[in-house]
1. On a straight-distance basis, which lysines could pair with Lys232 in a cross-link, Cα separation under 18 angstrom, same-chain partners fewer than 8 positions away excluded?
2. How high is the FRET efficiency from Asp186 to Phe10, r the C-beta distance, R0 30 Å, rounded to 0.05?
3. In the chain, what percent of the accessible surface is made up of carbon and sulfur (1.4 Å probe, ligands and nucleic acids excluded)?
4. For Arg214 and Thr375, what is the calculated FRET efficiency with R₀ set at 45 Å and r taken between the beta-carbons, to the nearest 0.05?
5. Classify region 265-324 as rounded, prolate or oblate, taking a ≥ b ≥ c as the square roots of the eigenvalues of its Cα gyration tensor: rounded when a/c is under 1.5, otherwise prolate if a/b is larger than b/c and oblate if not.
6. Go ahead and set up a Gaussian network model of the chain, Cα springs under 10 Å, then flag whichever of Thr295, Thr316, Thr235 fluctuates most.
7. Starting with the highest mean, order 165-178, 196-209, 131-144 by the number of other Cβ atoms within 10 Å, averaged over the residues of each peptide.
8. In the set [x] 75, 61, 35; [y] 65, 63, 51; [z] 84, 63, 48, which value of Cα extents along the principal axes in Å was calculated from the structure you see?
Amino acid sequence: MPPDNPDDFFHAQHELLSQGRFNAANTQLDAMLTAHPGDDRLLHQKMIILAQTQGFEQAFAVSLSLSIPFKQQPQVTFQIVAIMQGLRNIDMNPEVEAEICRVLTCSGIDCTPISELVHLLVQQKIAGAQLEASPLAACNDCPLIHAVLRNFQITSPDAERLCTDVRRQLLYLLQADPESFMDMSDLAVSMAIQGRRNEYAFHIGTDEGAILDRLTSRLSDLCAAEGPATNKALTLLLGALMYRAPRDLVAARKMQALCDPDEMPVLAEFIESDLTEQRILKQYSREFGANAILTDGTSRAVARMYTENPYPRWVTPEWNTNTQALPYPEFFSVTRCPGWRPQSDNPYRRMLVAGCGTGWHPISHALTFPWLEITAIDISAASLAYARMLADRMDV
């Protein structure tokens, strides 16, 4: 049952908090929670008060009691991520692990602010799995490991070493027992997705390189043979995808027919999205490249570098500029720069982003400040192509 006169209640809460009277607001809120236990809006308010008084552990504990539909709202998840930034001690249990997985997989949420926490947790999970009788099976059965590998870019050297160890063990297993390797296909797919996220920057050992060369050679032979692709070729392809992008493997296009969306939906979507993205980028690169006028050698060299490696290949906008998830009018009223604010006599503002790269900042600003008219320029046609693709995807 919702609280009586909720508008009056939350207005009173706002007045108390604006005056810095946190204890009075908390006492008033506890009385309401006693009368209406389990009400999401009241629990959400409790979470906010605890966070404002630096009680991050308690605030996070309250967030766990919110209903899934309520906390799936972007502004609530933003606030939970902000709270997680303040966590210093966290006891892992299935409920906490499930919440971290939810945050990582929540569309449109930038989890970079909690990278230290995420790296620590995935390190603990992989290190613990390595102590099990079957380390790869333990990793394959861990939802948190999959959530991190598929939705977060590993940048910690310690976490990277653990991940490359797991990838190497999977490659050895593929070489020794392909059937058992396919039992770990979910983990191999997660490694492939992480490779795409981190630009395939993980170190490849000499022994791995030799195995990979033999693997891709056998894969090419199988794909060159007459007749349809085989399941054996699919196994080899999955091993190769842990190290190389689908766009870099000619076999990936032939293998698409073998990736049954009903049986291996994540792998099928991974290959399809990468190949589709490559087609779009080539199209836009040709369009932008036709207009390129680069007269000096340095500019041409820089453009070539970013043509080979558009950076960063981002997927999540910088939503966290509004960390308190305020309504837009209120958010704009407290934004320091007057140029961000709409005005009745001149509601539009123009912005030039000179050197926009792959468009993370201008697209994020376009989403956050929808009245801005933004012109973004760059000397790399490939970077502009990536920015155009993401702008299309996010409808800005």
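The values are calculated or read from the model by the stated rules, or taken from the named source; none is laboratory data. Note that the structure is predicted; figures quoted are calculated from it, not measured. Reconstructed Cβ throughout: ideal geometry from the backbone, glycine too, with neighbour counts over all protein chains shown. Ligands, DNA and RNA are stripped out before the accessible areas are found, and what is left, the full protein with its side chains, is counted by its heavy atoms. Shrake-Rupley method; radii C 1.70, N 1.55, O 1.52, S 1.80 Å.
1. Lys254
2. 0.10
3. Details: 10880 of 20490 Å².
That share works out to 53 percent.
4. Numbers: r = 50 Å, r/R0 = 1.11.
Taking R0 as 45 Å, the efficiency between Arg214 and Thr375 is 0.35.
5. On the way: a/c = 2.61, a/b = 1.37, b/c = 1.91.
Oblate.
6. Thr295
7. Working: 165-178: 17.7, 196-209: 14.3, 131-144: 15.9.
Ranked from most to least packed, the peptides come out as 165-178, 131-144, 196-209.
8. Structure-derived value, by its label: [x].
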